Amino acid sequence: MSRGRMALAVALTAALAGCGGSGTSSSSSSGPSPATYRASINKICAAYNDSIRALPKSTTASFAGLTTLANSAKNTLAQIKSVAAPGSLDAAVNKWVAHLQQSEANVAKLLQAFKAGDTTQLRTLATEGTKLNAQGNAQARALGLPSCAQNATPSG
């Protein structure tokens with residue numbers, strides 16, 4: 001892999017960081033308390049972060065490795081969605097999940113551009129992904145989900 005593509009792979013990894021994915025929140029007004037919800041979601045995100053950190057650093061150097069990262073994020077969001085949000089957090093959780101949908105669409109485009117070797121498109125999408133990641137992290141922190149606002153990277 002060329003040095004330029006490697007740098008863009010690192011940017012892609014940053015765009016994939018956090019608990020990203022698609023879908024909508026499965027919340028209800030009779031869900032858990034906000035504290036219970038936050039504890040459950042932070043536990044899911046902490047497990048995700050640990051699993052990403054355990055991956056070899058070389059994970060970001062291949063299309064297959066980057067796809068693994070994207071799939072891990074998507075699976076984590078499915079777990080998050082399985083926890084009903086309390087009514088008091090419903091609107092904010094739905095907004096966060098909708099934002100994560102934008103991130104997933106960006107990641108899908110990034111993976112396509114990476115596979116095609118389109119460095120111009122990669123740079124544009126990586127910049128957008130970095131912004132989306134920062135916004136998603138801010139939303140997670142506002143929800144009281146610090147584990148979901150971390151940017152774990154493979155380091156095993």
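The values are calculated or read from the model by the stated rules, or taken from the named source; none is laboratory data. This one's a predicted model, so the numbers in the text were calculated from it and none came from an experiment. So basically every Cβ, Gly included, is an ideal-geometry build from the backbone, and we count neighbours across all protein chains shown. The area values use the complete protein model at the heavy-atom level, side chains included, leaving out ligands, DNA and RNA. Shrake-Rupley method; radii C 1.70, N 1.55, O 1.52, S 1.80 Å.
For the reader, a short list of remarks on this structure follows.
- With all protein chains modelled, accessible area of Glu128 [1.4 Å, Å²]: 90 Å²
- 28 Å Cα-Cα reach of Lys57 towards lysines, excluding residues that sit fewer than 8 places from it in its own chain: Lys43, Lys74, Lys109, Lys115, Lys131
- Estimated distance in nm for a label pair at Ala105 and Arg123, the labels positioned 7 Å out from Cα along Cα-to-Cβ: 2.5 nm
- On segment 46-156, 53 percent of the accessible area sits on carbon and sulfur atoms, based on a 1.4 Å probe.
- Relative contact order [Cα under 8 Å, 6+ residues apart], segment 93-156, whole percent: 31 percent
- Remark: accessible surface ordering of Val83, Val97 (largest first) is Val83, Val97, probe radius 1.4 Å.
- Förster radius 35 Å - calculated FRET efficiency between Ala39 and Ala116, Cβ distance, rounded to 0.05: 0.25
- Here the extension length gained between Lys131 and Ser88 equals 12.8 nm, from 0.36 nm per residue of separation less the Cα-Cα distance.
- Mean projected area of the Cα convex hull of segment 87-138, taken over all directions, amounts to 3.4 nm².
- Normalising by residue count, segment 115-156 has a Cα convex hull of 82 Å³ per residue.
- The mean accessible area for residues of segment 40-156, using a 1.4 Å probe and ignoring ligands and nucleic acids, is 47 Å² per residue.
- Remark: spin-label model distance Lys95-Ala78 equals 2.9 nm, labels positioned 7 Å along the Cα→Cβ axis.
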